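Chemist: Quick one: the structure is below, questions incoming.
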Amino acid sequence: PGRELRSSVTGDIRAPAVLRPHTIYTVFSRIKYNDHRPGSADQEPIDTKQAFLKLPEVGSEPIKQLAYDVSAHDTDPYEKAIAIEQYLRTTYTYTLGTIGQEPTRGAIEEFLFTTKTGHCELFASSHTLMLRSIGIPSRFVTGFAATRYNPLTGYYEVRRLDAHAWVEAY
């Protein structure tokens with residue numbers, strides 16, 4: 001629908017209109033790796049930093065306490081983020097079986113304190129709220145993990161089942 005995809009102030013990639021099925025496009029990005037993890041090549045401050053620290057008005061205290069407990073031995077924000085990531089990775093179970101289930105209370109609280117099983121949206125949402133609760137600006141991001149390279153066409157194929165959620169932290 002247009003010649004260029006654009007990046008918003010907060011880093012979102014936007015097309016000028018909804019992409020039609022089978023649209024082929026190219027995106028160039030500047031990514032540097034920090035401890036084998038993708039990160040921004042630019043180290044400039046985020047203008048809208050406060051937006052990435054907002055928390056729900058209800059239910060944040062237990063999440064904040066958990067985040068503090070998990071990351072208390074770290075002083076660097078990057079190390080705190082890694083500590084929380086490792087905690088979620090080793091304490092909780094990933095499953096697609098929770099997609100579409102209605103929580104009996106807040107979805108994140110139920111995931112963190114009751115079921116301890118969930119899909120990528122629950123992991124990423126939990127990580128985002130835990131980071132924000134200890135003062136690390138972060139956001140929940142959704143997109144697609146394009147991992148299927150088609151050698152005949154020379155393109156990566158992106159399908160609905162490639163949908164994924166992750167966290168970006170400042």
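The values are calculated or read from the model by the stated rules, or taken from the named source; none is laboratory data. Computed from a predicted structure; not experimentally measured. Note that each Cβ is placed from the backbone with ideal geometry, even for glycine, and that neighbours are counted across all protein chains shown. These area figures cover heavy atoms from the full protein model, side chains too; ligands, DNA and RNA do not enter into them. Shrake-Rupley method; radii C 1.70, N 1.55, O 1.52, S 1.80 Å.
Listed here are the residues, each with its yes/no results for (1) in contact with a helix residue (DSSP H, G or I) (Cβ under 7 Å, 6 or more places away or on another chain); (2) among the acidic types (Asp, Glu); (3) modelled with pLDDT under 60.
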position	(1), (2), (3)
GLY2	no, no, yes
ALA15	no, no, no
GLU61	no, yes, no
LEU66	yes, no, no
SER71	yes, no, no
ALA81	yes, no, no
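Chemist: Among the residues of the stretch 47-54, is any within 30 Å of PHE113 (Cβ to Cβ), open to solvent by less than 70 Å² (accessible area, probe 1.4 Å) and modelled with pLDDT under 80? Working first, answer last.
Modeler: Step one: filter the stretch 47-54 for residues within 30 Å of PHE113 (Cβ to Cβ), giving 49-54.
Filter again for open to solvent by less than 70 Å² (accessible area, probe 1.4 Å), leaving 51-53.
The next check asks that each one be modelled with pLDDT under 80; those that pass are 51.
Yes: one or more hits.
Chemist: Same structure again: Could you list all residues from the stretch 91-110 that are at pLDDT below 95, among the β-branched types (Val, Ile, Thr) and open to solvent by 30 Å² or more (accessible area, probe 1.4 Å)?
Modeler: THR93, THR95, ILE99, THR104
Chemist: A further question on this structure: Out of PHE113, PHE123, PHE144, which single residue is open to solvent by 20 Å² or more (accessible area, probe 1.4 Å) and in contact with a Leu (Cβ under 6 Å, 6 or more places away or on another chain)? Let's see the steps before the verdict.
Modeler: On the way: PHE113 fails: in contact with a Leu (Cβ under 6 Å, 6 or more places away or on another chain); PHE144 fails: in contact with a Leu (Cβ under 6 Å, 6 or more places away or on another chain).
PHE123 is the lone residue from the list that is open to solvent by 20 Å² or more (accessible area, probe 1.4 Å) and in contact with a Leu (Cβ under 6 Å, 6 or more places away or on another chain).
Chemist: State whether the residues of the stretch 114-136 include one that is farther than 17 Å from ALA81 by Cα, small (Gly, Ala, Ser) and over 17 Å from the mean Cα position of the chain (by Cα).
Modeler: no
Chemist: Oh, and also: Can you find a residue in the stretch 150-163 that is open to solvent by less than 30 Å² (accessible area, probe 1.4 Å), within 23 Å of ALA51 (Cα to Cα) and touching a Ser or Thr at 6+ places or on another chain (Cβ under 9 Å)?
Modeler: No: the stretch 150-163 contains no residue that is open to solvent by less than 30 Å² (accessible area, probe 1.4 Å), within 23 Å of ALA51 (Cα to Cα) and touching a Ser or Thr at 6+ places or on another chain (Cβ under 9 Å).
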